1. Just need the relative contact order of the stretch 318-416 here, percent rounded to a whole number, with Cα pairs under 8 Å and 6+ apart.
2. When the accessible area of the stretch 372-431 is computed with all protein chains present and a 1.4 Å probe, what percentage of it is carbon and sulfur?
3. Over the stretch 231-316, what is the mean sequence separation of C-alpha contacts under 8 Å (at least six apart), divided by residue count, expressed as relative contact order in percent?
4. A 26 angstrom limit on the alpha carbon distance is what I want to check against. Which of K100/K153; K100/K374; K212/K239; K100/K371; K159/K371; K239/K299 exceed it?
5. Could I get the Rg over Rh figure for the stretch 234-374? Both from C-alpha atoms, Rh via Kirkwood, rounded to two places.
6. Under a 1.4 Å probe, what is the accessible area of the stretch 260-340 per residue, stated in Å²?
7. Please give the Cα centre distance for the stretch 333-406 versus the stretch 90-169, rounded to the nearest Å.
8. Which peptide among 151-158, 81-88, 98-105 comes first, and what is the full order, when sorted by highest mean count of other Cβ atoms within 10 Å?
Amino acid sequence: MPTIDVSQLNIIATILGTFTIVYGLIAVKIKNTWYLVPAVVVGIVLGPISAKLLDAERWIDVGSPVKDDVTLGVMRVMIAIQLVIAGYQLPGRYLQLRAKEMAVCLFPVMTLMWLATAGCVLLMIPKLTFISALIVAACVTSTDPVLSQAVAKGPFADKYIARPLREIISAEAGANDGFASPFLMLGVSLTLQSSSDHGSALTSEDAGLALKYWLVEALLYIVLVAIIYGTFIGFCARKAVEYSLARRWIDTESYLLFPTALGLFIVGTCGVIGTSDLLACFAAGCVLNWDDQFLAETKRRHDEVNSCIDVLLNYGGFMYIGITIPWELFHQPDITGITLAKLIGLGFLVLILRRVPALLVCYRMMPAAVKNWKEAIFMGYFGPIGVGAIYYLEHTRHLFLAEDYLNSGEKDLLAALTPVVYFLALFSIAVHGVSIPALNAIFALYGVQPVTYDAEEIRRRSIYIPTPTNAVRADEDMFIAFNRFSRPNYGTKILAQFHQDSDLRRVGTLLDPPRHKVRRHATFELDHIGPKNETHI
């Protein structure tokens, strides 16, 4: 007999599928503007505080510790796949070519971000010591790789943001998630080694042991081993792919799934050996495309596979964040001293002081990527907080809950950690999600001209594909795109640069006629990045 089975699996599959279908049908109108904000909103609306269709507490019957492990696992997989993709989509040898700029982002900028955020937390959140504030700040110091990639590679950036700035935003978001571990582990080691009941004072012996633990475990094992391991895996993966390609052993499906599979492999193996899977994934992705050939081959094969997998994971992951937001913890004046007003004030302080001052102080040290103070402000403002913060939140809870005894200072830290980190993530998702549509409107109002450098001829795969924001229509078969993020050396031609709006209009006019007329009347000087053969539009 047929039976109605309203199980949690059926509900989850139905809602995720429905959201992906409906959202996909109007993606050009909504997704390209609002990014992943609707997924969070759906999670909130259908979650336990509203429709109650989705409730993580009902998915796992054995209690909250397992739920925390599930949350940590979801965040790890989301970030890992995103970081491998972010790594191989950067230009070949990017970390070597931009070593100075990356060093500035990962050391002085992150340190200033960490200390500024700790000061904001200490000012607004009661019952926390300075060391506890450092731990909370470390959870939200790194920029979220998922939202940052959406900003760096989204339609707004395609149209208005120069490629060097987009590349450094993408690379920084990929690397600093792993580099947040030393900041977190320094605070954790100082707290766990404290001999005071309130965790606010350290003896010299305690401090020495904490620093020794931090140096050996955090810097050497978690960071250095992760970089070495990720580099080694990426190198082996690149050589294996080259060997297989040379013999034509690998089919298109397997080739395009390779980065996703590599991310899953690194998550599992790094979890086994206890080092940073985030840093290893990004390093592996960069080394995989070190000679620019992996990305070139994915372009030849019209890769959409990794992006599709990434989008599906992001939809589910951000919906999961919406479901698990601890609304009841945002206002507990009698228990933790945290109120909604204090959290809102903290959100604005972090938005203003966390990154913008650090970038304004340091941007002159990386002129190849950040040209002026306006770009420094843009890069500083768009450093969103999201899944990376939830990952570090659950990781920190795991470290402390593994202890047999927690003193009062550690209990206060754990009580404040979840509401503060979740609220800052929610605040950042909302504010940065609204900021892109607002900037689009402002730029349109003031007539800001789009970036028209590096024109490139790309083939339209279907007559139903809308013209990208950074492109003009050539004919039914071709676009002329500008300022594309991924520029592999795959033997095609790059058109001449166009600096003025009149030039852009001229290109559009020339490219509107039928293809045979375009070939006769619109021939441009080309910059070769591959084999030298004549190409005309």
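The values are calculated or read from the model by the stated rules, or taken from the named source; none is laboratory data. Here the structure is a predicted model, which is why all the values come from computation and not from measurement. Cβ coordinates were reconstructed from backbone atoms using ideal geometry, including for glycine residues, and neighbour counts include every protein chain displayed. Surface accessibility is based on the protein's heavy atoms, side chains included, excluding ligands, DNA and RNA. Shrake-Rupley method; radii C 1.70, N 1.55, O 1.52, S 1.80 Å.
1. Working: 47 pairs, mean separation 21.5, N = 99.
Reported as a whole number, the value is 22 percent.
2. On the way: 1170 of 1990 Å².
Answer for the stretch 372-431 is 59 percent, counting heavy atoms of protein chains only.
3. Details: 46 pairs, mean separation 37.3, N = 86.
Computed value for the stretch 231-316: 43 percent relative contact order.
4. Values: K100/K153 23 Å; K100/K374 20 Å; K212/K239 38 Å; K100/K371 15 Å; K159/K371 17 Å; K239/K299 19 Å.
Checking Cα-Cα distances, K212/K239 exceed 26 Å.
5. 1.11
6. Numbers: 2860 Å² over 81 residues.
Per residue, the stretch 260-340 has an accessible area of 35 Å².
7. Taking the Cα centre of each part, the stretch 333-406 and the stretch 90-169 sit 8 Å apart.
8. On the way: 151-158: 22.4, 81-88: 29.2, 98-105: 19.6.
Descending mean neighbour count gives 81-88, 151-158, 98-105.
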